[in-house]
Amino acid sequence: MPKKTKTIWMGEVAGTPLGEIWVAGSPDGVTAVNLWGDRLRFAALVRALTGSDPVYDPAQVAEAARQLHEYLGQQRTVFDLAVDWSVLTPFQAAALRAVYAVPYGRLATYKEIAQHIGRPAAVRAVGRANATNPMPIIIPCHRILGTDGKLHGYGAPGGLETKAWLLRLEGSWLL
């Protein structure tokens with residue numbers, strides 16, 4: 001259960017090719033990114049994740065917003081942001097740190113991530129960690145494919161089409 005110990009700020013990233021994106025952060029780094037464009041939905045997600053009511057203060061998350069905008073405009077390939085890993089369970093953090101390390105334009109499978117974290121039988125759990133990734137794009141869960149080499153799930157508007165769009169943005173070849 002999350003502990004209410006930090007101030008969490010949130011703000012929006014307007015005018016992206018994916019529509020309005022919301023981002024939240026704490027003094028320790030980015031805590032959440034949401035592609036649904038719904039402030040109330042995002043605030044509820046952040047509250048559930050952190051145990052804190054987010055404070056609307058776009059200036060506090062301006063750097064994350066800028067970098068997301070640059071990424072979506074093909075002006076950035078690497079995020080230079082702190083990530084607040086404390087909002088994740090230990091397993092999620094391990095799996096998503098491995099996902100975070102997958103370079104721009106590259107792909108990995110859920111099985112490869114499971115092997116990388118020393119849990120080769122935890123392929124489905126890695127898939128679940130990806131499905132519940134609170135920081136899509138910054139933690140690039142879109143770069144992770146099924147063991148069959150196909151796209152599997154993406155919890156953003158447009159689902160798999162958005163995942164494919166992000167991969168095309170990065171110049172990845174799927175087939």
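Odds and ends about this structure:
- When the Gaussian network model of the chain links Cα atoms closer than 10 Å, the mean-square fluctuations of 59, 164, 156 top out at 59.
- Between the amide H of residue 13 and those of 21, 22, 23, distances stay under 5 Å, these residues lying 5 or more places away or on another chain, with hydrogens modeled in the peptide plane.
- For residue 117, neighbours were defined as the other residues whose beta-carbon sits under 12 Å from its Cβ, and their charges (Lys and Arg +1, Asp and Glu -1) total +2.
- Pairwise FRET efficiency - residue 132 versus residue 62, Cβ, R0 = 30 Å, nearest 0.05: 0.70
- Spin-label zone in the stretch 51-85 - amide nitrogen under 13 Å from a point set 7 Å from the Cα of residue 14 along the C-beta vector: 58
- Cβ-based net charge around residue 146, under 14 Å, with every Lys or Arg adding one and every Asp or Glu removing one: +4
- Taking other C-beta atoms within 10 angstrom as a stand-in for reagent exposure, 10, 135 fall in the order 10, 135, fewest first.
- Charge tally in the Cβ shell below 12 Å around residue 13, where Lys, Arg are +1 and Asp, Glu are -1, residue 13 excluded: -3
We did not get these values from a lab; they are worked out from the coordinates using the rules stated. Note that this is a predicted model, so its numbers are computed, not measured. Note that we place each Cβ from the backbone using ideal geometry, even for glycine, and neighbour counts take in every protein chain shown.
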